[in-house]
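**Student:** Can you read through this structure? Questions will come right after.
The values are calculated or read from the model by the stated rules, or taken from the named source; none is laboratory data. Remember, it's a predicted structure, so these values are computed and weren't measured experimentally. Cβ placement follows ideal geometry from the backbone for every residue including glycine, while neighbour counts extend to all protein chains displayed.
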Amino acid sequence: MRITVFGATGGTGRPLVEQALERGHEVVAFTRSAGDVEPREGVTVVEGDAYTGEGVSEAVDGADAVVSVLGQSSAGPDDLLTVAGEHVLAATDEHGVDRYVTLVGAGVREDGESVSLSGRVMGTVLKLLAREVLADAEEHVRQVRGTDLSWTVVRAPRLADGEGTGDYRAGDLALGFESIDRPDVARFILDCLEDERCVREMPKVGPT
């Protein structure tokens, strides 16, 4: 499978690229600086800017699946996921790519879903301290759900920089203040791609 990864040099993108290569996939790593990606067999580097759209179409061309693990930063724009998502979704349409997986925080809710007490507390904290980040993720998800793609929205709690346990729980989870190692999130994303799991669904992923 040829997988285009947006956010390939980030905390979740790096283990995602590594694991994809280990599983025998070809990766197109999209990055703002090509020097941030180690040259190796199986990796094609496309330099650009997802926020402006520069290079996005080139990166998506020829892909079997597209994954976005872009993340907000204090120095970045408040609407990163929304604006970058618009460019990426337009490129999937342009090049006829059907499979799309994107990563957002577990604070993004589905209508009518049950939320644990700790989850409600976390949601309140997010609205107070990270309102713009949450609103950006919610708008991005609204855009994705409005497409005809075979999309999956992966929702994760706080991401940790550990080595990973090699396992995860996924589905309709009651998440709150838990954290999950980024390599385990990457593993779940690849499992979704390989097994056609959670198509047009918004699973949560958490620690075992």
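**Student:** Return the residue satisfying two criteria in turn: it lies in region 170-185 and is of a type in the set (D, E, K, R) and modelled with pLDDT of 95 or more, and of such residues it is surrounded by the fewest Cβ atoms within 10 Å (Cβ to Cβ). If you could, list the steps in order and put the result at the bottom.
**Tutor:** Taking region 170-185 as the starting set, the residues that turn out to be of a type in the set (D, E, K, R) are 172, 178, 181-182, 184.
Next, only the ones that are modelled with pLDDT of 95 or more stay: 181-182, 184.
Working: ASP181: 20, ARG182: 24, ASP184: 27.
Checked region 170-185; the qualifying residue surrounded by the fewest Cβ atoms within 10 Å (Cβ to Cβ) is ASP181.
**Student:** Hey, can you tell me all the residues within region 12-69 that are in contact with a helix residue (DSSP H, G or I) (Cβ under 9 Å, 6 or more places away or on another chain), part of a loop (DSSP other than H, G, I, E, B) and charged (D, E, K, R)?
**Tutor:** Correct list: ARG23, ARG40, GLU41, ASP61, ASP64.
**Student:** Does region 54-78 hold any residues that are at pLDDT 95 or above and within 26 Å of ALA156 (Cα to Cα), and which are they? If you could, list the steps in order and put the result at the bottom.
**Tutor:** If we filter region 54-78 for residues that are at pLDDT 95 or above, which is where we start, we get 54-70.
Selection gives VAL56, ALA59, VAL60, ALA63, ASP64, ALA65, VAL66, VAL67, SER68, VAL69, LEU70.
**Student:** Of (1) in contact (Cβ under 8 Å) with a residue 24 or more places away in the chain; (2) in contact with a Leu (Cβ under 9 Å, 6 or more places away or on another chain), GLY42 satisfies all except one. Which?
**Tutor:** (1)
**Student:** State the number of residues belonging to region 70-95 that are under 15 Å from GLU139 (Cα atoms) and either assigned to a helix (DSSP H, G or I) or among the hydroxyl-bearing types (Ser, Thr, Tyr) (or both).
**Tutor:** Taking region 70-95 as the starting set, the residues that turn out to be under 15 Å from GLU139 (Cα atoms) are 70-72, 77-89.
Then drop every residue that is not either assigned to a helix (DSSP H, G or I) or among the hydroxyl-bearing types (Ser, Thr, Tyr) (or both), which leaves 80-89.
Residues in region 70-95 being under 15 Å from GLU139 (Cα atoms) and either assigned to a helix (DSSP H, G or I) or among the hydroxyl-bearing types (Ser, Thr, Tyr) (or both): 10 in total.
**Student:** For GLU110, only one of the following conditions fails: (1) within 25 Å of SER150 (Cβ to Cβ); (2) at pLDDT 95 or above. What is its number?
**Tutor:** Every condition holds for GLU110 apart from (2).
**Student:** What is the one condition in (1) closer than 20 Å to LEU81 by Cβ; (2) crowded, with 22+ Cβ neighbours inside 10 Å; (3) at pLDDT 95 or above that PRO157 does not satisfy?
**Tutor:** Going through (1) closer than 20 Å to LEU81 by Cβ; (2) crowded, with 22+ Cβ neighbours inside 10 Å; (3) at pLDDT 95 or above one by one, PRO157 breaks only (3).
**Student:** If you take the residues of region 28-42 that are among the acidic types (Asp, Glu) and within 12 Å of ALA8 (Cα to Cα), which of them is surrounded by the most Cβ atoms within 10 Å (Cβ to Cβ)?
**Tutor:** Step one: list which residues in region 28-42 are among the acidic types (Asp, Glu), which gives 36, 38, 41.
In the following step, the residues that additionally are within 12 Å of ALA8 (Cα to Cα) were identified as 36, 38.
Working: ASP36: 14, GLU38: 12.
Ranking the qualifying residues of region 28-42, first place goes to ASP36.
**Student:** May I ask you to list pairs of residues, at least six apart or on different chains, whose Cβ atoms are under 6 Å apart, with the first in region 156-169 being farther than 17 Å from GLN19 by Cβ and the second being modelled with pLDDT under 95 and assigned to a loop (DSSP other than H, G, I, E, B)?
**Tutor:** So the pair list comes out as PRO157/ALA106; PRO157/LEU175; PRO157/GLU178; ARG169/THR208.
**Student:** Next up: Within region 43-57, how many residues turn out to be surrounded by fewer than 19 Cβ atoms within 10 Å (Cβ to Cβ) and touching an Asp or Glu at 6+ places or on another chain (Cβ under 7 Å)?
**Tutor:** 2
**Student:** Does at least one position in region 152-170 carry a residue that is in contact with a Ser or Thr (Cβ under 9 Å, 6 or more places away or on another chain), of a type in the set (A, V, I, L, M) and not in a strand (DSSP E or B)?
**Tutor:** Among the residues of region 152-170, not one is in contact with a Ser or Thr (Cβ under 9 Å, 6 or more places away or on another chain), of a type in the set (A, V, I, L, M) and not in a strand (DSSP E or B), which makes the answer no.
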